[in-house]
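Since the structure comes first, as C-alpha cells, the remarks are kept for the end.
The values are calculated or read from the model by the stated rules, or taken from the named source; none is laboratory data. Everything numeric here is computed off the predicted structure, so don't read it as measured data. Neighbour counts are summed over all protein chains in view; Cβ atoms, including those assigned to glycine, are modelled from backbone coordinates with ideal geometry.
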Number of protein chains: 2
Amino acid sequence: MNGEGARRRDVTVADVAKAAQVSKAQAARALGNYGAVSDDVRERVLAAAEALSYRPNELARSMNTGKSHTIGVVVGDIENPHFGLATRGITDAAKKAGYNVILVNTDEDRAAEVEAVRVLLDKRVDGLIVAPASSVDTEHLRQVHQSGRPLVFLDRSGGTLDVETVAVDMAKISLQATQYLLGAGHRRIAFISTLRTDAPYRADTVLDSSQIADRLEGMRQAFLADGLPFPEDLVRLNAGDADSIRSITREVLRGPEQATAVVASDGLIALSVVEAIQELGLSIPADVSFLMYDDFPWTRLTSPPLTVIAQPVYNMGAAAAKALIRQMEGLPRAAPAQFTATLVRRGSVGTVRAAAAAPKLGQLAGEPA
Amino acid sequence: MNGEGARRRDVTVADVAKAAQVSKAQAARALGNYGAVSDDVRERVLAAAEALSYRPNELARSMNTGKSHTIGVVVGDIENPHFGLATRGITDAAKKAGYNVILVNTDEDRAAEVEAVRVLLDKRVDGLIVAPASSVDTEHLRQVHQSGRPLVFLDRSGGTLDVETVAVDMAKISLQATQYLLGAGHRRIAFISTLRTDAPYRADTVLDSSQIADRLEGMRQAFLADGLPFPEDLVRLNAGDADSIRSITREVLRGPEQATAVVASDGLIALSVVEAIQELGLSIPADVSFLMYDDFPWTRLTSPPLTVIAQPVYNMGAAAAKALIRQMEGLPRAAPAQFTATLVRRGSVGTVRAAAAAPKLGQLAGEPA
DNA sequence: CATCGATGTGAGTCCGGTCTCAATCCTAAG
DNA sequence: CTTAGGATTGAGACCGGACTCACATCGATG
C-alpha cells in the first residue's frame, strides 16, 4: 500500500476537503455532523476521511465549542481502595455519558488541592468532582463554584458552600454503630483517624473534615442518649504512617483506663490497628472489639471476619458523576439521593464481659460489672 | 470592589494587553515567558494579569505548541488495588514532571481498549501508558507506535511490538515460586486466573496475556527441571466472577487427583479462592497450600498470613511514567530497568501431608507450622 | 410563470494562544 | 556624528475545527 512516511502532521479537515473536492466548510459539516450537507457531498467527504484516516483534533474542537468533554477528579489518594472504587464509579458513569476523566491526587494536602483545581480549570475541564481535603478552608472551591463551573463534592461536604454533595449520613451511621458497641457493654471506645489537627482532640475542636466531625458527633450523641460520658481521651487523630498508628493503638489499649473497643476510620488504618492488636497478643473480639469504616472484600477473610460500616462507594462515585453531568448540561439539580451506610455485623465485636475474662494485660477491663 | 458580574467569557491575553496598554504579542510574551520583553512591559502586563486574574487557556496553548502535557493511562480496572497502586506511581511521576493523567478503564476488553486509545489520541495526549488487554491482538497499539506517539506498556508486553515495556520477569519468579512449592512436596499445583480463553487450557494454547503465559512457562520449567509432569489439568483460566472462582476452587480441590496447592493469579481471585477453601472446611496450610500474586497489606492479617509474590507495583508505575516522559522529550530510551518480583514466605504454604511424615521435608515451609 | 421557503455551499471570521517578520529603538563602536 | 547590531515591539499569520453570512439552487405554491 502507501508508504506511511507518516511522521508529518495530522490530517485535518482541510486535507479531507481537498481530497473530497469540496470546501473546508462542507467537509467540516459532514465530519462534524452538523448543518446541511447533501448526500453526495457527505459520502465523498466520509470516503476521503476514511481513506486519509482522518481523526478530529478534539483540542481544536474544544476550543470553539467551549466543551472539553472532560471532567476533573480530585481525590486524596487513588491508592486507597476507597477512592479506587469511587473513581471506578465516576469513570464508568462519565464514560457512559461521553466524558473522560483527569485524575489528580492531593494526599489530603490543601495546597496540592488548590494547585490541582487550578490546573484542571486551566485545562478547561467541563466540571469538577472533589473530595475536599478540608471542609473549612475552601476558598479555592468557592471561587470555582462562583465562576459557574459545575462542581460536586464527594464524601465530604464543603462546609458552608452550597455545592451539591454526595456522601452518606455519617452522623447517623456512627450513632448506630456506637449504640451497637454500647449495647455490647463498651464504654471505653477509641476512635483512630489520620485526620491532621493542630492540637489533640477536645470537645470544642473544629475539625477540618466534615466526615470525621460527623462521626464523632454521632458517637457523642450515642453516649449522651445513654447518659454516659463520651471518652474524648480516646479520640486519636493525627495518626500518620503505619508505625504511628500502631503506637497509638498500643497507647489506647494500655493502662488502667484502656479502651475495650477500637474504631478505625478507614481501611488503611484498620490494617495497622489490627496488626498492633495481634502484636500485643490480644485477641479479637475476646480481648478487644474492633470496628472499621468501609467494607473491603478482605475483611471477610480475617479470623474473625471484621465488623464494618459499609458504604456504597461505587454508587456514590457514579452518582457524583451523574450529578455533575446533569449540572454541566444545564439541567436542574435532581433531588439529592441520600446514601446510607450499613453496619455489617461480622465477628469482631464482642461483649465486654468476654474481655473481662481475659487477664492478659492486667486490668484489661476496668469496668465495674 | 468590582461587581463580579462574572458569567462572561474568560479573560484572555488580549484583555490583559489592553489593560496593560501593550500589544497582544507583548502581553503574550510576558505571560508565556518567552521572547524578549522589557522590564517595564513585563511588570505592567503581570500586574494587569493579576488584577484581571488572568488564567491561560491550556487548550489554546496546546493547540499550537502541539503539546497537551497530558498522558493517557489505559488499565484494566482502577478498582483493582494492583492498578490503583500502579496508577499512583504513574500520577506521582507525571505530576513531578508537569503532566496530568487521563485515566480509562477497559475491563480487559479489547474493544474498549481500542476505543480508549482512539479517544485519547483524539484528545492529543502526549503519550500513552497501556496495560494491554491482549499481547496478541495489538494492531491498534501498533498504529499508535507507528504514528510516532510515545507509548509504554505496563505489566504486559505487546507481543511482537518493539515498545518499551515495564514489567517484572514473570517466568523467573514463577519458576522460583514453583520450585518452592515443589520443594515442599507439592506435585498437584493449581493455577487460577480470570484470563479469558476460547478453549480450556492445553500445552499449546496461545494465551492472550504475556503475563499469564510467562507464569505458566515458569511453572512448566520448574516441573521439567525436576523431571516431573506439569499438571495441565489444574490450570484453570476463564475464572470470572466470585462464584465462578469459588466453584473452580472446589473443583480442583476435589476428587482423587486433587490439588495440594493453589496459586491465585491476583488479589481479587485470591479472595474468592481463600473463601472457597474456608467453606470447604479445609485449613491453610495444613490441608491446602496457598500462594498468590501481589502483596497487599491485608495478606498479613489472615490466619495464617499469606505467602505471596510481591511486585514493586508503585515503582513500576512510576518507572513507566518516567520512561514515557523521556520518550516524549525526545531523549534516548534508558537502559530498561528490570523489575524483580520477590517471593514473600509467610504462612500459607506448608508441606504436603503425605510427605509431612518424611523428616527431611519437615521444615521446608518455614517457621509457621 | 413569478415567488417563497428550505436546503446547499463556499468564503471568511473566530476561539485564545504562539510565533514569524519587519519595523523601531538604543547604545556603543568607528 | 554615523552606523552596525542587538533589544523591543506590533501586526498579522496560524493551529484545526465550528459557525456566521451571503449567495446559489430547487421544488412547490398560487
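For beta carbons closer than 7 Å, sequence separation of 6+ or different chains, a first residue in segment A:295-306 that is more than 7 Å from every other protein chain (Cβ to nearest Cβ) and a second that is in a loop (DSSP other than H, G, I, E, B) and of a type in the set (Phe, Trp, Tyr), there are no qualifying pairs.
For segment B:142-157, taking the residues that are closer than 20 Å to B:Phe83 by Cα and out of contact with any His (no Cβ under 9 Å at 6 or more places or on another chain), the one that is surrounded by the fewest Cβ atoms within 10 Å (Cβ to Cβ) is identified as B:Ser157. Determine whether A:Glu115 is in the same structural domain as A:Thr138 (by TED's automatic domain parsing) and either acidic (Asp, Glu) or near DNA strand D (Cβ under 10 Å from one of its atoms) (or both). Here the answer is yes, as A:Glu115 does meet what is asked. Restrict the check to segment B:106-122 and report whether at least one residue is facing chain A (nearest Cβ under 10 Å), among the basic types (Lys, Arg) and touching a residue at least 40 places away in the same chain (Cβ under 8 Å). No, there is no match, as no residue in segment B:106-122 is facing chain A (nearest Cβ under 10 Å), among the basic types (Lys, Arg) and touching a residue at least 40 places away in the same chain (Cβ under 8 Å).
How many residues are of a type in the set (S, T, N, Q) and more than 23 Å from B:Ala276 (Cβ to Cβ) if we restrict to segment B:210-247?
Residues in segment B:210-247 being of a type in the set (S, T, N, Q) and more than 23 Å from B:Ala276 (Cβ to Cβ): 3 in total.
Would you confirm, using the coordinates I've provided, whether A:Val136 is away from chain B (no Cβ under 14 Å) and either of a type in the set (A, V, I, L, M) or surrounded by fewer than 23 Cβ atoms within 10 Å (Cβ to Cβ) (or both)? Against the criterion (away from chain B (no Cβ under 14 Å) and either of a type in the set (A, V, I, L, M) or surrounded by fewer than 23 Cβ atoms within 10 Å (Cβ to Cβ) (or both)), A:Val136 qualifies.
Would you point out which residue out of B:Ala337, B:Ala365, B:Ala369 is at pLDDT below 95, under 30 Å from B:Ala97 (Cα atoms) and outside any helix (DSSP H, G or I)? Answer to the selection: B:Ala337.
Of all the criteria given as (1) over 25 Å from A:Arg55 (Cα atoms); (2) within 9 Å of chain A (Cβ to nearest Cβ), the one not satisfied by B:Ile102 is (1).
Restricting segment A:174-201 to residues that are touching a helix residue (DSSP H, G or I) at 6+ places or on another chain (Cβ under 7 Å) and of a type in the set (Val, Ile, Thr), the residue that is farthest from A:Ala286 (Cα to Cα) is A:Thr194. Within segment A:38-63, residues that are more than 9 Å from every other protein chain (Cβ to nearest Cβ) reach partners that are part of a helix (DSSP H, G or I) and of a type in the set (S, T, N, Q) with beta carbons closer than 6 Å, at six or more positions or on different chains, in the pairs A:Val41/A:Gln26. Entry remark, segment B:162-177: residues being out of contact with any Leu (no Cβ under 6 Å at 6 or more places or on another chain) and farther than 30 Å from B:Phe223 by Cα number 2 in total.
Using the structure shown, decide if B:Asp241 is at pLDDT below 95, in contact with a His (Cβ under 8 Å, 6 or more places away or on another chain) and either within 13 Å of another protein chain (Cβ to nearest Cβ) or on the phi > 0 side of the Ramachandran plot (or both). Show your work before the answer.
Values: at pLDDT below 95: yes; in contact with a His (Cβ under 8 Å, 6 or more places away or on another chain): no; either within 13 Å of another protein chain (Cβ to nearest Cβ) or on the phi > 0 side of the Ramachandran plot (or both): yes.
When the stated conditions are applied, B:Asp241 does not pass them.
Tell me whether segment A:35-45 contains one or more residues that are buried (at least 16 other Cβ atoms within 10 Å of the Cβ), more than 16 Å from DNA strand D (Cβ to nearest atom) and either within 25 Å of B:Ala94 (Cβ to Cβ) or not assigned by TED's automatic domain parsing to the domain that holds A:Gly148 (or both). Scanning segment A:35-45, I find at least one residue that is buried (at least 16 other Cβ atoms within 10 Å of the Cβ), more than 16 Å from DNA strand D (Cβ to nearest atom) and either within 25 Å of B:Ala94 (Cβ to Cβ) or not assigned by TED's automatic domain parsing to the domain that holds A:Gly148 (or both), so the answer is yes. Of all the numbered requirements in (1) surrounded by fewer than 13 Cβ atoms within 10 Å (Cβ to Cβ); (2) closer than 29 Å to A:Leu120 by Cα; (3) away from DNA strand D (no atom under 16 Å from the Cβ), A:Ile78 misses one, and that requirement is (1).
In segment A:65-74 there is no residue that is surrounded by 13 or more Cβ atoms within 10 Å (Cβ to Cβ) and near DNA strand D (Cβ under 7 Å from one of its atoms). B:Ala116 meets each of the listed conditions (1) among the small types (Gly, Ala, Ser); (2) at pLDDT 95 or above; (3) under 20 Å from B:Asp214 (Cβ atoms) apart from (3). Among the numbered conditions (1) loosely packed, with under 13 Cβ neighbours inside 10 Å; (2) within 10 Å of DNA strand D (Cβ to nearest atom), the only one that B:Glu50 does not meet is (2).
If the condition is being more than 7 Å from DNA strand C (Cβ to nearest atom) and assigned to a helix (DSSP H, G or I), then segment A:7-27 contributes A:Val13, A:Ala14, A:Asp15, A:Val16, A:Ala17, A:Lys18, A:Ala19, A:Ala20, A:Ala27. Among residues belonging to segment A:23-32 that are away from chain B (no Cβ under 14 Å) and near DNA strand D (Cβ under 8 Å from one of its atoms), point out the one that is surrounded by the most Cβ atoms within 10 Å (Cβ to Cβ). My answer is A:Ala28.
Taking segment B:281-323 as the range and being touching a Leu at 6+ places or on another chain (Cβ under 6 Å) and part of a loop (DSSP other than H, G, I, E, B) as the test, the residues that pass are B:Val288, B:Thr302.
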